[in-house]
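The values are calculated or read from the model by the stated rules, or taken from the named source; none is laboratory data. Because the structure is a prediction, the values reported are computed rather than measured. Glycine also receives a Cβ, built like all others from the backbone with ideal geometry; neighbour counts cover every protein chain displayed.
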Amino acid sequence: MHRVQENITVEDLKKGSELLFKRVYEDNRNHFINFAKKYHLSQEDTIDVYQDAYIIFYNNVMQGKVEEFTSSITTYLFSIGKYLIFDKMKKNKKTINPDFDLSLIREKEELEDMNLDLDQEALTTEQVLLKKHFATLGKKCQELLTLFYYRGFTIKDIIETSEYTSENVVKSAKSRCMKTLKERINSN
């Protein structure tokens, strides 16, 4: 699956090849559905999310929003899908973590692009604390937690896109960052 997709470029997709788009869709569909099971969405919702993610992927490629893939096509497609899952869970009042919802953290550039004004009064106490204490973490912790919880990267994806060298290093760094964040939130 990944080997075939590694050879697919943005230029190939921009040519509108139905065969390539169909291959991307089919190669990732079942894998995404299995991946999404951990979020406890219905099968119908999961399929809807995947189709929406695929449409966004297709539109981003065809409208020139993607000039090149900095990760695999699968990683790019899954990160879109995970964002959509988080939105659906937020609408359904579900959280990823029993303590707090890290999906509420958005990357600075995305906030600016979307021209969102976050009104402090509209945020819950939990969101305010999370935002406040997340900002006190070091840049590496912020980046790692954002990649894992918000962008939906797997440990292996994080290794591919950063300077981390092994799964154990990523896991222990993520654990330390989460512990620090929880301690800071709980100290309030």
Considering THR70, THR46, THR95, which residue is modelled with pLDDT of 85 or more and of a type in the set (Ser, Thr, Tyr)? THR46
Select the helices (runs of 4 or more DSSP H) contained entirely in region 1-74, then report the ones holding at least 2 residues which are of a type in the set (Ser, Thr, Tyr) and touching a residue at least 12 places away in the same chain (Cβ under 8 Å). 43-62
Criterion first (in the same structural domain as LEU41 (by TED's automatic domain parsing), aromatic (Phe, Trp, Tyr) and either in a helix (DSSP H, G or I) or modelled with pLDDT under 80 (or both)) does PHE148 satisfy it? no
